[in-house]
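Rule-based calculations on the coordinates, nothing more; no lab input. Please read all numbers here as calculations on a predicted model, not as lab measurements. Don't worry about glycine lacking a Cβ; one is built from the backbone with ideal geometry, like all the others, and counts go over all protein chains shown.
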Amino acid sequence: MGEKEQSGKPAGHQERICKLKKDGKLEEIDRLELRPIVYCNKCKAKANHPSYLCNPRALKAPKVQKV
Ligand SMILES: [Zn+2]
């Protein structure tokens with residue numbers, strides 16, 4: 001028995017929102033921007049994971065106080 005891998009994108013490879021933006025794939029971007037934690041310093045795209053961006057920056061720092 002063996003499960004066939006779903007043809008399409010291989011695991012581990014992720015299209016960058018920066019590229020999707022260029023390609024006009026707004027639906028894909030919509031999914032990835034659901035809960036943005038980072039933004040791209042270059043193209044101002046937002047994403048929920050830094051690996052989706054070419055120049056990721058933290059959107060907002062968590063409140064952590066060290067004394
Ligand atoms: Zn970018």
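So which residues in the range 30-53 are of a type in the set (Val, Ile, Thr) and buried (at least 18 other Cβ atoms within 10 Å of the Cβ), if there are any at all?
The answer is Val38, and nothing else.
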- Task: Give the residues of the range 12-67 that are outside any loop (DSSP other than H, G, I, E, B) and away from the ligand (no atom under 12 Å from the Cβ), sorted by residue number.
- Result: Asp23, Leu26, Glu27, Glu28, Asp30, Arg31, Leu32, Ala58
